[in-house]
Amino acid sequence: MMKLNELDRRLLMDRSVSGRSAINMPPSDVPEQPLPDADMLRDELPLPEVSQLEVIRYFSLLSQLNFSIDTNFYPLGSCTMKYNPKLNDAVASLPGFAAIHPNQPAEQVQGAVQLMYELQQALGDLTGLPGVSLAPLAGAQGEYAGLLIARAFHASNNDTARTVALIPDSAHGTNPASAAMAGLEVVTVPSDADGNVDVEALRSVADERTAVFMLTLPSTLGLFEPSILEITQIIHDAGGLVYADGANLNALLGLVKLGDLGFDICHSNLHKTFSTPHGGGGPGSGPVMVTEELAKFLPEPVAEKNGDTYILAEPESSIGKINAFHGSFGILVRAYTYIRAMGRDGLKAVAENAIINANYIQAQLKDRFDLAADRYCMHETVLSAGQQKKRGVKGLDIAKRLLDHGIHAPTMYFPLIVEEALMVEPTESESKETLDRFIEVMRQIDDEISSDPETVRTAPHTLPVTRLDEAAAARKPYLRWQR
Ligand SMILES: *Cc1c(COP(=O)(O)O)cnc(C)c1O
């Protein structure tokens, strides 16, 4: 990655020269209109006055300063940064999808509603939970919708004492947050020494107050829960529902259906498992899937087929609308394209390759790094930098040093129950050559920790910016240009 000189470092506003312009406006051919009253007008409006070349250089430079899946290996565990095939974008750009308006009635946009219907079918089929709403705009919103469905189900049975969400200590932070937002009380379930749910502890807290048990599968340690059938049985025997956090379904696609394991509700992140962009790359999408019995509580709209016509319907006892319109439609098109392009066998191969890639990395690094659990992992492996910490270097430092080698940091310090956690998810997209290079770099950094720990502690050294004040960046962000 490049070093920046003084000129490169200027923000767009700092490049401004009065009178410079990026466009040539033709002479106006409409009558001039009077301006609003003077007290409604600003005296000054600082906008950058720059040439077209300057604008292009500025934004091209910014794009090169970024790490992205299109430019760098990005093994960010629990986030599934897989390649986003360009075909997805080509299809989403078709005018029939890109140029329609969400206020158009369904009969005018039958193709779009059909796509939603078929995506619902595919997600229902892949998870074994046939009731699907594509409305949620993120994984966390899918969780929230799913938990409101659980509450609505218990309320419909006059089972109002069920106000507790049981959540393992390894859970993603959004789980307890969504449960609290949905008005549930969170009770934490410990993990056992092998990183599994402590089944006896679960049995002791599952009772007539249990509304729902939320479980991530594979767990956030990248492990398959061996007692899963017993776990779902315990909760059902206590009268509760079982929620799967399926944000990352990469290890299960085409291999296991959550519904077959006894789950009642789940969500999945299209921006993780189904190759749509993350965060800055675009809006999210976290569809919610439920059993047939719970389908009447789904958030609206749900696409339905009525003879030859596709409609957007409100389920009978719907929890209502959770956002405007129909979810992140452009993202739904991308995920649908991915699913149809891969096909059933292709998706199964995705899961198999994701699992074998993670296990390859784990096997090649376990002589240098402690493992959160020394057994086969699923789509990700959680390493610990505990041994490295004894030599004076933290997991954070290793993550920063990886940046010098052009590799994005793994997820750090999550799950919270693992000391100095480095959570590595290679995904199925990566070649063996890329995995070998990552392994080589990790071993090199481990050597460096013994020979020259200071270099690792002060990394990165090759990036335009080094260590940032992350607290200030979060608390006092500069949101607009200032001199
Ligand atoms: C990413 C993730 C979520 C939350 O998804 P968002 O789209 O970021 O809200 C929830 N659970 C797990 C396990 C995740 O990895």
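The values are calculated or read from the model by the stated rules, or taken from the named source; none is laboratory data. Computed from a prediction, not measured in an experiment: that's the story for all the values here. Backbone-built Cβ (ideal geometry, glycine too); neighbour counts: all protein chains shown. The protein model used for the area step is the full one, side chains on, heavy atoms only, and it has no ligands, DNA or RNA in it. Shrake-Rupley method; radii C 1.70, N 1.55, O 1.52, S 1.80 Å.
Annotations for the structure displayed:
- Accessible area in the full protein assembly, largest first, 1.4 Å probe, for Lys305, Lys257, Lys272: Lys305, Lys257, Lys272
- Heavy atoms of the protein chains alone define the surface here; on that basis the chain has 48 Å² accessible area per residue at 1.4 Å probe size.
- Reachable lysines, given that their alpha-carbon falls under 17 Å from the alpha-carbon of Lys305 and they are not under 8 places away in the same chain: Lys296
- What the Cα convex hull of the chain gives, in volume per residue, is 199 Å³.
- Modelled FRET efficiency - R0 22 Å, Tyr83 with Ile56, Cβ distances, 0.05 increments: 0.25
- Under DSSP loop assignment and at most 14 Cβ neighbours within 10 Å, longest GluC sites (Glu not before Pro)-free interval of the chain: 45-207
- For Asp370, the residues whose amide H sits under 5 Å from its own are Ser384, Gly386, Gln387, ignoring neighbours fewer than 5 places away on the same chain, with H placed 1.01 Å from N.
- Protein accessible area in the chain, 1.4 Å probe - carbon and sulfur %: 53
- Members of Lys3/Lys432; Lys82/Lys432; Lys86/Lys432; Lys82/Lys394; Lys82/Lys272 lying beyond 19 Å, as alpha-carbon distances in this model show: Lys3/Lys432; Lys86/Lys432; Lys82/Lys394
- Computed over the range 136-249, the convex hull of the alpha-carbon atoms projects to a mean area of 6.5 nm².
- Note on Lys321: aspartates and glutamates with a C-alpha under 15 Å away, same-chain residues under 8 apart excluded, are Glu143, Glu300.
- For the chain: relative contact order, % (alpha-carbon pairs under 8 angstrom, 6 or more apart): 19
- The amide H of Ala313, built 1.01 Å from its N in the peptide plane, has Val302, Ala303, Glu304 as neighbours under 5 Å, considering only residues 5 or more places off or on other chains.
- With R₀ set to 51 Å, the beta-carbon distance separating Ser450 from Ser93 gives a calculated FRET efficiency near 0.50.
- 23 Å Cα-Cα reach of Lys389 towards lysines, excluding residues that sit fewer than 8 places from it in its own chain: Lys366, Lys400
- Separation of alpha-carbon centers, the range 46-72 and the range 235-296, rounded to whole Å: 37
- Span-like helix ranges in the chain, DSSP H, alpha carbon extent 27 angstrom or more, Kyte mean at least -0.5: 329-365
- Distance between modelled label sites at Glu440 and Ala363, nm, 7 Å Cα→Cβ extension: 2.0
- Whole-Hz Karplus values for the range 203-209 come out as 4, 6, 9, 6, 8, 6, 9 Hz, taken residue by residue from phi with 6.51 cos²θ - 1.76 cosθ + 1.60 and θ = phi - 60°; glycine and proline positions read x.
- Distant-in-sequence amide H partners of Thr216 (H built 1.01 Å from N, under 5 Å): Asp245
- Debye intensity ratio I(q)/I(0), log10, the range 318-390, q values 0.19, 0.20 Å⁻¹ (C-alpha model): -0.81, -0.84
- Full extension of the chain between Asp345 and Asn157 yields a length gain of 63.6 nm, computed as 0.36 nm times the residue separation minus the alpha carbon distance.
- Put the Cα centre of the range 115-187 next to the Cα centre of the range 357-392 and the gap is 32 Å.
- Take every DSSP beta bridge whose two residues both sit in the chain; close to 50 percent of them are antiparallel.
- The percentage of C-alpha pairs in the range 352-474 whose separation is greater than 21 Å is 37%.
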